[in-house]
Amino acid sequence: MDLTYLKKYNGLASFPEDNLQCPICLNVFSDPVTTPCGHNFCKTCLSLHWDKSDLCSCPMCNKRFHMRNSQTLLKLAE
């Protein structure tokens, strides 16, 4: 999704660009989710990251989560 579009039509003109960027793919969030530790990612990026490991942990702070399910991923407010 185009960042200019997001800023213009979602009232995000003053929102810092880094807050809309997934730290894994470095693109604007696609289906954004947040981990219980508060870090935000594209749902697909986080799922792919977790697919590579036996443990579920945050790619940013390495906090471990005991289970991988829909309760672990919380949708960001639109």
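Within the range 20-53, the residues that satisfy the criterion of being assigned to a helix (DSSP H, G or I) and either of a type outside the set (Ser, Thr, Tyr) or under 8 Å from the mean Cα position of the chain (by Cα) (or both) are Leu20, Lys43, Cys45, Leu46, Leu48, His49, Trp50, Asp51. Taking each residue of the range 19-32 that is closer than 10 Å to Lys43 by Cα and looking for partners that are assigned to a strand (DSSP E or B) and charged (D, E, K, R) with beta-carbon atoms closer than 8 Å, six or more apart or interchain, yields Pro32/Lys75.
Residues in the range 31-57 that are under 17 Å from Gln21 (Cα atoms) and among the small types (Gly, Ala, Ser): 2 in all. When restricted to residues that are touching an Asp or Glu at 6+ places or on another chain (Cβ under 8 Å) and at pLDDT 90 or above, the range 1-54 contains 4.
The values are calculated or read from the model by the stated rules, or taken from the named source; none is laboratory data. Remember, it's a predicted structure, so these values are computed and weren't measured experimentally. Counting neighbours? That spans all protein chains shown, and the Cβs are built from the backbone with ideal geometry, glycine included.
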